[in-house]
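The values are calculated or read from the model by the stated rules, or taken from the named source; none is laboratory data. Quick caveat, the model's predicted, so the values are computed rather than measured. Note that each Cβ is placed from the backbone with ideal geometry, even for glycine, and that neighbours are counted across all protein chains shown. Quick note on the areas: whole protein, heavy atoms, side chains included, nothing else; ligands and nucleic acids left out. Shrake-Rupley method; radii C 1.70, N 1.55, O 1.52, S 1.80 Å.
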Amino acid sequence: MNALVRAEVAAGDTLMEVRNVSLSFGGVKAITDISFDIRRGEIRAIIGPNGAGKTSMLNVINGFYTPQQGTIIFDGKARRAMRPHHAVRQGIARTFQNVALFKGMSTLDNIMTGRAVKMRRNLFWQMLWQGPALAEEIEHRRVVEEIIDFLEIQHIRRTPVGKLPYGLQKRVELGRALAMEPSLLLLDEPMAGMNLEEKEDMSRFILDVNRQRGTTIALIEHDMGVVMDLSDRVVVLDYGKKIADGVPDAVKTDPAVINAYLGVPH
């Protein structure tokens, strides 16, 4: 991202603030007193070794876990406990570390499920599938077709996703999240299991989602080349604690980060 865009993000307002969040499972502390913010319009990376608490942090943000301590402030509204479907309605969507799609359904139908939160007609109208319900269906289908074009997956729109290669399944999952029209998109290891070409494609789409669609993104990723190329700012976790937070160039030279995660540079 160029210097001008980075400056605009740095000057932007805060979309989300994670304030002193702690999460435990029995006697195991997954997250301990973590605070950081996500600015509107940025790509915010969360990195760290396995078991650092990264996915637990995303699960707190989207309401899957309820922290024992701390507060999440999203778009000016503070909360501690929230269900995932409430998070979606507030404008938070996510993808998962392991692809979570309906394997027997087509690409089109999987992405359409992301529009469920936007549907306003009740079950009676949807069963009739005429009048207002039909008009609503046509509008949702138009949005989904735009996403299919955006992600360049027109050729698989009718293909059951279970027959698709892994990289395309990850792209379909991204499409389903975009169908929710989120203001904050959470990506849990979007490059995991991909080859170099697939990673380059996904990186391009993530940048396009951020720049062209104006979506704020928080991502977990182990590929440090991807993190350094895509991110505006990086927060680093280790054993459930925050050990660094800042722009990529500063984080990658931080002694604590090198010692805990990156290893000694050569």
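Asp254 meets the conditions (1) over 12 Å from Ala45 (Cα atoms); (2) open to solvent by less than 10 Å² (accessible area, probe 1.4 Å) in every case but one. The failed one is (2).
Evaluated against (1) of a type outside the set (Asp, Glu); (2) open to solvent by 60 Å² or more (accessible area, probe 1.4 Å); (3) in contact with a Ser or Thr (Cβ under 9 Å, 6 or more places away or on another chain); (4) over 28 Å from Asp13 (Cα atoms), Ser106 falls short on exactly one condition, (2).
The residues in region 213-247 that are touching a residue at least 24 places away in the same chain (Cβ under 8 Å) and either in a helix (DSSP H, G or I) or crowded, with 20+ Cβ neighbours inside 10 Å (or both) can be counted, and the count is 22. The single residue among Ile38, Ile46 that is in contact with a helix residue (DSSP H, G or I) (Cβ under 6 Å, 6 or more places away or on another chain) and crowded, with 21+ Cβ neighbours inside 10 Å turns out to be Ile46. Just so you know, in region 66-103 the residues that are under 19 Å from Arg171 (Cα atoms) and charged (D, E, K, R) include one that is least open to solvent (accessible area, probe 1.4 Å), and it is Arg94.
When region 77-109 is filtered for residues that are at pLDDT below 90, assigned to a loop (DSSP other than H, G, I, E, B) and over 25 Å from Tyr166 (Cα atoms), the ones remaining, listed by number, are Arg80, Ala81, Met82, Arg83. Does Met112 satisfy the condition of being at pLDDT 90 or above and under 21 Å from the mean Cα position of the chain (by Cα)? Here the answer is yes, as Met112 does meet what is asked.
Which of the residues belonging to region 49-65 are open to solvent by 20 Å² or more (accessible area, probe 1.4 Å) and in contact with a Ser or Thr (Cβ under 8 Å, 6 or more places away or on another chain)? Within region 49-65, Tyr65 is the sole residue that qualifies. Looking across region 9-28, not a single residue is at pLDDT 85 or above, of a type in the set (Gly, Ala, Ser) and within 22 Å of Thr215 (Cα to Cα).
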